[in-house]
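**Student:** Take a look at the following structure, please.
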Amino acid sequence: MAKRIRVFLLSSGLDRDYRGFESHTRDLFTHLLSEGSLHCFILKGGGHSQDHEMRIRTTLPRKSWLATVLGGLVHRSGYYIQNVTFFIGCVPHLLVHKPDILYLGEPSLYAWLARWRRLSGQRYTMIFFTGGGAVPGSFSQNDKLQLVSPVHYAKARQRGVSEAQIHRVPHFLNLHKDSIDDQTKRESKAKLQLNPDVPVILSVGALDASVKRMDYVIEEVSKMDRPFFLVLLGEEETGTPSIVKLAAQKLPPNSFLIKRVDRELLSTYYLAADVFVLASLEEGFGLVMAEAMAFGLPVIANDFATARYVLGDLGCCIDMTKPGNLCREITRALLDPDIKSKTLERRESIYKRFGWNELQKDYLKMFSVSED
């Protein structure tokens, strides 16, 4: 009987940070473990060690005071310190467990692991997940590159990655079995103690003004001439207090909610929402757009190539560099019965292209596993 391939999924922020790659790593691990073809483990920077999951205790959280101080001393970010301390703690596990495949998504971590592979003589293959279009320099010809969007193909080829190394495998979504109708929406709003008669505008992402541009969302919603309730959910970042302050200044009292929620509760907010907006000017994939459409929501995003790829002809891509555009489009989405009637069509489109059941074979092929 052939030995099962040993796969290690690496994430320095897992079980501490709640962003796209951490969520993707957790979901992928769950599916691969359940599928059973692979001998799967997680190396993570947070949480607790448990069956098939090993916490790297040397990891310094990116927001900790020590990571901030050390980063300042070497003119690097706290995130860099988080990854380098994570790498240091990974090395003993690599020596003891001798994995066949490492799956990761950080260019600096890839570079250190490639260097360690040369020095130690270990023979693992790395699969690099390009969630933001980043492609490591000096990409080894023995490794694989996962492209979650075809938009990044040309960049990968320019960086010297061969066609044989590239796997075009997008983000996947889990199937939500919740029914989606007016009654479900009202029940979800009631569960969250939201007014069932007031439209909910939802955005999910880091609570910042630099990348996710939550300030733009607040400014645009403040121009609306009808009642609304704005919900901004995501990871708290350095600029979060200014986002909260801006909302308090610009929006009516009791008309907004800004917080981080556990992933288990996020689906309830999707079910309660009436429209979803993402103000980022660019995204590597924009998983939250696909998630929102999977719950049948009309999605409004900035007009860029990956948004058009993810949303297809069932979403709305507009120029979000100009004031007034988002406000007008939100109003249209809330009032246009044709937009509201496409709930099921949006949901089916997303699952047909990005559902786990549709993409499972592609992921197994990427990990060199055949179902035959």
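The values are calculated or read from the model by the stated rules, or taken from the named source; none is laboratory data. No experiment lies behind these values; they were computed from the predicted model shown. Neighbour counts run over all protein chains shown; Cβ positions are idealised from the backbone, glycine included. Please note that ligands, DNA and RNA were not included when accessible areas were found on the heavy atoms of the full protein model with its side chains. Shrake-Rupley method; radii C 1.70, N 1.55, O 1.52, S 1.80 Å.
**Student:** So how strong a dipole does the range 272-372 carry about its Cα centre when Lys and Arg Cβ are +1 and Asp and Glu Cβ are -1, to the nearest 20 debye?
**Tutor:** It works out to roughly 160 debye.
**Student:** For the range 28-143, state the average projected area of the convex hull of the C-alpha atoms over all orientations, rounded to one decimal in nm².
**Tutor:** Taking the Cα atoms of the range 28-143, their convex hull projects to 8.2 nm² on average.
**Student:** Tell me which of Ala209, Gln146, Phe41 sits at the most positive position along the dipole axis of the chain, charges placed on C-beta atoms (Lys, Arg +1; Asp, Glu -1).
**Tutor:** My answer, from the dipole projection, is Phe41.
**Student:** State, as an integer percentage, the relative contact order of the range 82-164 based on alpha-carbon contacts under 8 Å between residues 6 or more apart.
**Tutor:** The normalised contact order for the range 82-164 reaches 25 percent.
**Student:** Moving on to the next point. Quick one: in the range 65-121, what % of C-alpha pairs are over 17 Å apart?
**Tutor:** Taking all Cα-Cα pairs of the range 65-121, the fraction more than 17 Å apart is 42 percent.
**Student:** Over the chain, what is the mean sequence separation of C-alpha contacts under 8 Å (at least six apart), divided by residue count, expressed as relative contact order in percent?
**Tutor:** Dividing the mean separation by the residue count of the chain yields 12 percent.
**Student:** Something else about it: For the chain, take the longest principal axis of its alpha carbons; what is the angle in degrees between that and the long axis of helix 325-335, to the nearest 10 within 0 to 90?
**Tutor:** Between helix and principal axis, roughly 70 degrees.
**Student:** So what's Rg/Rh here for the range 232-372, counting alpha carbon atoms and using the Kirkwood radius for Rh?
**Tutor:** 1.01
**Student:** Here is a follow-up. I need the per residue convex hull volume for the range 167-208, using only the alpha carbons, in cubic angstrom as a whole number.
**Tutor:** Per residue, the Cα convex hull of the range 167-208 comes to 144 Å³.
**Student:** Using the Cα centre of the chain as the reference point, and only Cβ charges (+1 on K/R, -1 on D/E), how large is the resulting charge dipole? Debye, rounded to the nearest 20.
**Tutor:** Here the chain has a charge dipole of around 1160 debye.
**Student:** Give me a comma-separated list of calculated 3J(HN,Hα) values for the range 214-222, in order, Karplus coefficients 6.51, -1.76, 1.60 applied at θ = phi - 60°, integers in Hz, x for any Gly or Pro.
**Tutor:** With the stated coefficients, the range 214-222 comes to 5, 5, 5, 4, 4, 4, 5, 5, 5 Hz.
**Student:** Turning to a different aspect of this structure: Identify all aspartates and glutamates with a Cα-Cα distance to Lys155 below 16 Å; exclude those on the same chain that are fewer than 8 residues away in sequence.
**Tutor:** Glu163, Glu282, Glu283
**Student:** Averaged over all directions, how much area does the convex hull of the C-alpha atoms of the range 72-194 cover when projected, in nm²?
**Tutor:** About 12.7 nm², averaged over all directions.
**Student:** Using each residue's phi in the range 41-52, evaluate 6.51 cos²θ - 1.76 cosθ + 1.60 at θ = phi - 60° and report the 3J(HN,Hα) Karplus result to the nearest Hz, with x for Gly and Pro.
**Tutor:** Computed from phi, the couplings for the range 41-52 are 9, 10, 10, 9, x, x, x, 10, 6, 8, 4, 6 Hz.
**Student:** Further, regarding this structure: Using the alpha-carbon centroid of each, what span in Å lies between the range 48-118 and the range 268-325?
**Tutor:** Rounded to whole Å, the Cα centres lie 32 Å apart.
**Student:** Cα atoms only: what Rg and Dmax, in Å, come out for the range 42-81?
**Tutor:** 12.0, 37
**Student:** Skipping prolines and chain starts, which residues have an amide H placed within reach, meaning under 5 Å, of the one on Cys40, given they are 5 or more residues away or on another chain?
**Tutor:** Sorted by chain and number, the residues that satisfy this are Val7.
**Student:** Right, something else. Would you mind calculating the relative contact order of the range 223-324 from Cα pairs under 8 angstrom and at least 6 residues apart, reporting the percent as a whole number?
**Tutor:** 21
**Student:** Hey, can you grab everything whose amide H is under 5 Å from the amide H of Leu147? Only 5+ residues off in sequence or another chain; H modelled, so Pro and N-termini drop out.
**Tutor:** Here His167, Arg168, Val169 satisfy the definition.
**Student:** OK, next. Given C-alpha coordinates of the chain, what is the ratio Rg to Rh with the Kirkwood estimate of Rh?
**Tutor:** We get a ratio of 0.98 for the chain.
**Student:** List the residues whose amide H sits under 5 Å from the amide H of Tyr103, counting only those 5 or more places along or on another chain, with H placed 1.01 Å from N in the peptide plane.
**Tutor:** Long-range HN contacts for Tyr103: Phe8, Leu9, Leu10, Ile127.
**Student:** OK, next. So if I take the centroid of the Cα atoms in the range 129-160 and the same for the range 179-207, what is the distance between those two points in Å?
**Tutor:** 38
**Student:** Further question: If you roll a 1.4 Å probe over the range 4-56 with all protein chains in place, what percent of the accessible area is carbon or sulfur?
**Tutor:** It is 47 percent, rounded to a whole number.
**Student:** Continuing with this model, one more query. For the chain, modelled as a GNM with alpha-carbon contacts under 10 angstrom, which of Glu220, Glu237, Glu22 fluctuates the most?
**Tutor:** Among Glu220, Glu237, Glu22, the largest mean-square fluctuation in the Gaussian network model of the chain belongs to Glu237.
**Student:** Send over a whole-number figure in Å² for the accessible area per residue of the range 168-269, probe 1.4 Å.
**Tutor:** With all protein chains present, the range 168-269 gives 52 Å² per residue.
**Student:** Follow-up. Please list, in order along the range 56-67, the HN-Hα scalar couplings obtained from phi with the Karplus expression 6.51 cos²θ - 1.76 cosθ + 1.60 (θ = phi - 60°), rounded to whole Hz, x for Gly and Pro.
**Tutor:** Once rounded to whole Hz, the list reads 8, 6, 6, 5, 9, x, 4, 9, 6, 5, 5, 5.
**Student:** Here's something else I'd like to know. Using only the Cα atoms, work out Rg/Rh for the range 254-305, with Rh taken as the Kirkwood radius, to two decimals.
**Tutor:** Using Cα coordinates only, the ratio equals 0.97.
**Student:** Please enumerate, by chain and number, the lysines with C-alpha under 18 Å from the C-alpha of Lys361, excluding those fewer than 8 residues away in the same chain.
**Tutor:** Leaving aside lysines fewer than 8 places away in the same chain, those within reach of Lys361 are Lys144, Lys352.
**Student:** Moving on. Can you bin every Cα-Cα distance in the range 129-173 into 5 Å intervals starting at zero and give me the percent of pairs per bin, rounded to whole numbers?
**Tutor:** Reading upward from the zero bin: 5, 26, 38, 22, 7, 2, 0.
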